[in-house]
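The values are calculated or read from the model by the stated rules, or taken from the named source; none is laboratory data. What you are looking at is a predicted structure, and each value in this text was computed from that prediction instead of being measured. Cβ sites come from the backbone with ideal geometry, for glycine too, and all protein chains shown count toward neighbours. Calculation scope for accessible area: heavy atoms of the full protein, side chains included, ligands and nucleic acids excluded. Shrake-Rupley method; radii C 1.70, N 1.55, O 1.52, S 1.80 Å.
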Amino acid sequence: MRAPEPASAEPIIVMEHVEKWYGTFKALYDINLAVLKGERIVLCGPSGSGKSTLIRCINHLETYEKGEIRVDGVLLGNRTVAIDAVRREVGMVFQQFNLFPHMTILQNCTLAPMRSLGLKKAAAEDRARRLLDRVKVLEQAEKYPAQLSGGQQQRVAIARALCMQPKVMLFDEPTSALDPEMVKEVLDTMIGLAEDGMTMICVTHEMGFARQVADRVIFMAGGAIVEEAPPQEFFTAPSHERTKKFLGEILP
Amino acid sequence: MGQAEFHFLLVGLKWTVILSAAGFAFGGVAGLFVALARTSGFPALERTMAAYIAFFQGTPLLMQLFVVYYGLALIGIRLEAWVSVSIGLTLHASAYLGEIWRGSIEAVPSGQREAAEALSLRYVARMKDVILPQALRISLPATIGFLVQLIKGTSLAAIVGFTELTRAGNIISNQIFEPLTVFGVVGVLYFVICCPLSIIGAQMEKKFAASGR
Amino acid sequence: MDYKLDFSPVIAGMPSLLLGCLGTLTLAICGMALGMLIGVGGVFLRDSSFKPFRWLVIGFVEIIRNTPFLVQIFFIYFALPFAGIRLNPTPTAIVALGVNGGAYAIEIIRGGINSIARGQTEAGLALGLHKAEVFRFIILKPALRAIFPSLTSQFILLTLSTSIASAISAYELTSVSQRIESESFRSFEVYFTDTFFYLIISWMIMRLFALISARLLSYPVK
């Protein structure tokens, strides 16, 4: 096991007093969170606890009613300009991959760099091939998503997000929709990314992954952050009852 | 437009309903046989039925009504216009309903047929008790959708010269020279019949879509 | 049965029948194009946040879908002059076909767009694409692919209903045939021949759609 590299003291994401309602249902309660550059955070908690909602607020896929979110110094309000700027800096990987079925793997990876970053086709393709090679699916570049396995598709989704050269990567249960035998290849890719110093926030139930790479594990329940601690402490000496109960349910 | 004119339209409406009911009822019976033949497993029969369906789905209803109307007269069968139109609508409906129901029969999971066969049910029992009830349920939204299409289709009897609702409208319109009022009222009368059916069909589709998953 | 079939008036009238076929094709294709325009515009209004537009579109769609095309074509034929628009029967028929086809197209296109999983839009937005870019590059093609079968059958129905335009004497196969029939009294022969022309025309339209689908809209799916 490797020693975690120290994260820099500069926060890249700051959430202050963020609250969100769906109608009368309160989905997020007073969320305060600062993520440092290079920090790797695992978010866990029972389903419906608001962890996906929280990370989806960071790139404004969800709106929120109260509080502030800053990404790399940019205040994320409702201004389109700010939202665009943030989305270019923040990559996201989804549970259902969400590859575009009508484009080849290569086109999936070049679309956004060409459209939002204004890269030329050749430069975008170069970059895409390099990153597809890194996630070990380069030989599939000319195929369509439906022709790939779930694990390959998810690795392409990671490469597609990386093609925007984001400063932060968000993972929303990236292995939950995968067949068991494909979970490892995706986790290995994520571990590689962590080792290269990427700032990551991962919603996942893969506690082995949390132990291995996380700087901090955050436990959410009922829309609030209940507990946060380094993995060592989180798994051996959780302080809250709900955390203990949750760990009792998911750990073997 | 006075009361007498409106009454004339209502008489036309009565004939529209009769034509629709006749076409749907007889077309339904014939359509069931078309669907069964189309899924019978006998290649020659299936291909014949496929051609029958393709013919009626590839030609205008108006042509079908013309050909039946003049064709029957040609071979010496003199029928009242509404009977002739009903025959045309029946043939038309049998092809469309046959195709809708073929799709529904094929949409019943094949395990159902296999289970019925494993229970040694013969063709009639297998179809009547196992496959068709499920197929009927699947087909209901499309069947109701076609009924609406058929009701609207009866308006073409007007071009053949039979006085149902649309032709009644035409006649009144020529008498009182208020085409917009008259065809507006005619449209409302069709709408009053068709819209409830459309709503029922749409609701069923929603319900099935929700429960089907 | 002492009646003898006599196709000679049909053969003599063949040139005008073929021109009638062209008229039918013209009506059908112009009607479809107008229908698509109305369909796309209607979807835009239908899903706009301005409530009155939504109700207007919903009302329009329901009125068209629940009344006969023949009544619609009469209504439009008489209504256009009232609105100060004077059109010949053939353009009037195209307007009626477009309005009718457009109402169905609105529902079909909406269904197609809604059938595209929400995650596709989210993935596009998360990559920093704008809403219009997401629609253009991510939603459009899969949505078109999803609606193509129902769009094809709807436009075949539109093609067949061009024959109803004969009621206002638009230039197409059925009205040409009616002229030949009224001169020769060979009704059955004329209309029987027409059915084959219509079969060929609807087959051509179907092939055209299949070709478009294969050329522009195919990609592997699970």
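For the reader, a short list of remarks on this structure follows.
- Some residue of region C:176-191 being of a type in the set (S, T, N, Q) and in contact (Cβ under 8 Å) with a residue 60 or more places away in the chain: yes
- Pairs meeting the criteria (first residue in region B:197-209 and of a type outside the set (A, V, I, L, M, F, W, C), second residue open to solvent by less than 100 Å² (accessible area, probe 1.4 Å) and not in a helix (DSSP H, G or I), beta carbons under 8 Å, at least 6 apart or on different chains) are B:198/C:66.
- Taking the criterion of being buried (at least 19 other Cβ atoms within 10 Å of the Cβ), hydrophobic (A, V, I, L, M, F, W, C), without any contact (Cβ under 8 Å) to a residue 12 or more places away in the chain and in a helix (DSSP H, G or I), the residues of region C:95-141 that qualify are C:125, C:126.
- Residue that is nearest to residue A:156 (Cα to Cα), among those in region A:190-209 that are part of a helix (DSSP H, G or I) and within 13 Å of the chain's Cα centre (by Cα): A:190
- Of all residues in region A:107-119 being of a type in the set (A, V, I, L, M, F, W, C) and at the interface with another protein chain (Cβ under 9 Å from one of its Cβ atoms), the one that is most open to solvent (accessible area, probe 1.4 Å): A:117
- Only one of B:88, B:71 that is open to solvent by less than 60 Å² (accessible area, probe 1.4 Å), small (Gly, Ala, Ser), facing chain C (nearest Cβ under 10 Å) and part of a helix (DSSP H, G or I): B:71
- Of all residues in region B:162-176, those satisfying the criterion of being more than 10 Å from every other protein chain (Cβ to nearest Cβ) and either closer than 14 Å to residue B:1 by Cβ or open to solvent by 40 Å² or more (accessible area, probe 1.4 Å) (or both) are B:163, B:168, B:171, B:172, B:174, B:175, B:176.
- Single match in C:37, C:5, C:56, C:25 (criterion: more than 30 Å from residue B:181 (Cα to Cα) and in a helix (DSSP H, G or I)): C:25
- Exactly one residue out of A:80, A:104, A:63 is within 14 Å of chain C (Cβ to nearest Cβ), in contact (Cβ under 8 Å) with a residue 24 or more places away in the chain and open to solvent by 30 Å² or more (accessible area, probe 1.4 Å), and it is A:63.
- Among the residues of region B:185-195, those identified as free of Cβ contacts under 8 Å to residues at least 40 places away in the same chain and either more than 9 Å from chain C (Cβ to nearest Cβ) or open to solvent by 80 Å² or more (accessible area, probe 1.4 Å) (or both) are B:188, B:192.
- Lone unmet requirement of (1) in a loop (DSSP other than H, G, I, E, B); (2) at the interface with another protein chain (Cβ under 8 Å from one of its Cβ atoms); (3) under 26 Å from residue C:216 (Cα atoms) for residue A:142: (2)
- Flag for residue A:37 being within 18 Å of the chain's Cα centre (by Cα) and open to solvent by 50 Å² or more (accessible area, probe 1.4 Å): yes
- Matching option when the condition is modelled with pLDDT under 95 and at positive phi, among B:208, B:177: B:177
- Restricting region C:1-26 to residues that are among the aliphatic types (A, V, I, L, M) and touching a Phe, Trp or Tyr at 6+ places or on another chain (Cβ under 8 Å) leaves a set whose member that is farthest from residue C:136 (Cα to Cα) is C:5.
- Spans of helices (runs of 4 or more DSSP H) in region B:95-172 with at least 1 residues under 21 Å from residue C:73 (Cβ atoms): B:132-153, B:157-160
- Complete set of residues in region A:222-242 that are under 19 Å from the mean Cα position of the chain (by Cα) and closer than 17 Å to residue A:47 by Cα: A:223, A:224, A:225
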